[in-house]
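Every read-out reported here was derived from the displayed coordinates using simple, explicitly stated rules and does not represent laboratory data. Predicted model only: the values in this text are computed from it and were never measured. Please note: Cβ atoms are built from the backbone with ideal geometry, for glycine as well, and neighbour counts cover all protein chains shown.
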Amino acid sequence: SATDLDAVKSYVREHYAAPDDSLFGIAKGRNVIYIHLESTQQFVINYKLKDANGVEHEVTPFLNSLYNSNSTYSFDNFFHQVKAGKTSDAETLMENSLFGLDQGSLFTQLGAKNTFQSAPNILEQTQGYTSAVFHGNVGNFWNRNETYKSFGYDYFFDSSYYDVTDENSFQYGLMDKQFLSQSVQYLEKLQQPFYSKFILVSNHFPYSELSGDESGFPLATTNDETINNYFATENYMDNAIKEFFDYLKASGLYDNSIIVLYGDHYGISNSRNEELASLLGKTADTWTDYDNAQMQRVPYMIHIPGTTSGGVNHTYGGEVDALPTLLHLLGVDTSKYIQLGQDLLSKDRDQVVAFRDGSFVTPNYTYYGGTLYENATGTAVTEQSDELKAQVKAWKKQVEEQLSTSDTINNGDLLRFYTDSGLTTIDPSKYSYLNQVD
Ligand code: GP9
Ligand code: MN
């Protein structure tokens, strides 16, 4: 009910992290280009895979060049926070600074019903942005075609807008190279400034072996085919992104854009990690849930052409923190919005990263699968001092509060009562994603 909103408002007020003045608005007015890196985990960044002859192959050379550039704000302690809604949960988190649901997918269950104050809506109403999603799969996957209307997306180019054949696609849609190159015809007609999102799929489980010209990147040689192919599909995705950047540069869009790349969730599940261990300089028999928790890191890179104050930032955060981070760079004050994350570039962050199941990671401790681990050694803490006990209790409470606040908002559809943002409520029926081009 509307009165639940008071508790939500005070939570948000207490957790608001003010922007760093020197960074606020540095990308104001630029186009936003989100690139959704399907199933990409942080461990592939700067990783070199050894082939059978011991020769090393850089898996994601292009992403690495962005990651290591001082024109990119890169993060190495950024975690995904999804649950059963996988890709759709990542989208919910990144564009609303709210969590997905504890069960199932928010997109599927509430995407068509609830009121949202999402990134496309905020940017349209405060800065005059046009918005568009590009994705080479069918529009009703994850109920996207309805949910994007509720988010205020002006355009959604799904697979019906692309030339998809048996040769250039697989079960989740168009391969990334064809997808990005065919997207250009629509992208170049968008009114600027635009807020856009390109959802890649080629690097999706089961990481099918690539054929023809695309094959050739060495496969890993573990006993798990899924792991073995993962590096090659990562490498293919990386090439696709490089080609897209070449286009952005040639078209001139590059210089007045901010390009944000993020991994949506793990690609290798915990049950496979012991097999992966040997490739990461670890062994299966010493692998624990501590290691599983650390593997939930995903890339998050904010590339701002022309800027030189970037670098690798070690703050601990997650997908829920992305929206306030982006909005502050675009010069949008977020203090009046109901967002549960904290700007990753703010100096007054908490650095307690909640997983959707109540586990969490902090810079010094990890709580996962019901066990507390010390990050310095990776070992379980068997005896806790009174001080540590109190600290852990406080962290658990903080995590539960963030998750339950999100659930209260989503399950109660509370944003429909929230007027302090100054945003006009979206009417989803004014959007149609059919016949968007002549
Ligand atoms: C499908 C794609 C995959 O359209 O976005 O979603 P996932 O299976 O990763 O949740
Ligand atoms: Mn996904």
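Some notes on this structure:
- Residue list for region 318-355, given a label point 7 angstrom along the Cα-to-Cβ vector of residue 385 and an amide N cut-off under 19 Å: none
- Near residue 368, once Lys and Arg are set to +1 and Asp and Glu to -1 for all other residues with Cβ below 10 Å from its Cβ, the sum equals -3.
- Averaging 1/r across all pairs of distinct Cα atoms in the chain and inverting the result yields a Kirkwood radius of 22.2 Å.
- Debye equation applied to the C-alpha atoms of region 391-438, log10 I(q)/I(0) at 0.14, 0.18 Å⁻¹: -0.62, -0.76
- Lysine pairs with alpha-carbon atoms under 28 Å apart, region 1-156, spacing 8 or more or separate chains: 12
- Virtual spin-label span in nm between residue 209 and residue 313, 7 Å along Cα→Cβ: 4.3
- The Rg/Rh ratio of region 1-66, with both radii computed over alpha carbons and Rh defined as the Kirkwood radius, is 1.25.
- Positive minus negative residues near residue 357 (Lys, Arg vs Asp, Glu; Cβ under 9 Å): +1
- Over region 67-204, the Kirkwood radius and the radius of gyration, each from Cα atoms, give a ratio Rg/Rh of 0.97.
- Between region 203-219 and region 335-361, the C-alpha centres lie 36 angstrom from each other.
- Among the GluC sites (Glu not before Pro) in region 186-219, those placed in a DSSP loop whose Cβ has at most 12 other Cβ atoms within 10 Å are 188.
- Annotation: region 1-126 has a Kirkwood hydrodynamic radius of 18.3 angstrom, from the mean reciprocal C-alpha pair distance.
- Integer Hz, Karplus 6.51/-1.76/1.60 couplings in order for region 190-195, x for Gly and Pro: 5, 5, 8, x, 10, 10
- Close amide-amide hydrogen proximity is noted between residue 169 and 175, each under 5 Å apart and 5 or more residues distant or on a separate chain (H modeled in the peptide plane; Pro and chain starts excluded).
- Between amide H atoms placed 1.01 Å from N, distances below 5 Å from residue 57 occur with 49, 50, 51, all of them 5 or more places distant or on a separate chain.
- Once the Cβ-Cβ distance of residue 408 and residue 249 is raised to the sixth power relative to R0 = 51 Å, the FRET efficiency obtained is 0.70.
- Couplings for region 344-359, taken from phi via the Karplus curve 6.51 cos²θ - 1.76 cosθ + 1.60 with θ = phi - 60°, read 5, 9, 7, 7, 10, 8, 8, 6, 10, 9, 7, 8, 5, 8, x, 5 Hz in order; Gly and Pro are left as x.
- Between region 178-199 and region 414-438, the alpha-carbon center distance in angstrom: 21
- Considered as an equivalent ellipsoid built on the Cα gyration tensor, region 139-287 has semi-axes of 32, 18, 16 Å, the largest given first.
- Cα convex hull volume per residue for region 333-392 (Å³): 118
- Within the chain, DSSP assigns beta bridges of which about 50% are antiparallel (rounded to the nearest 5).
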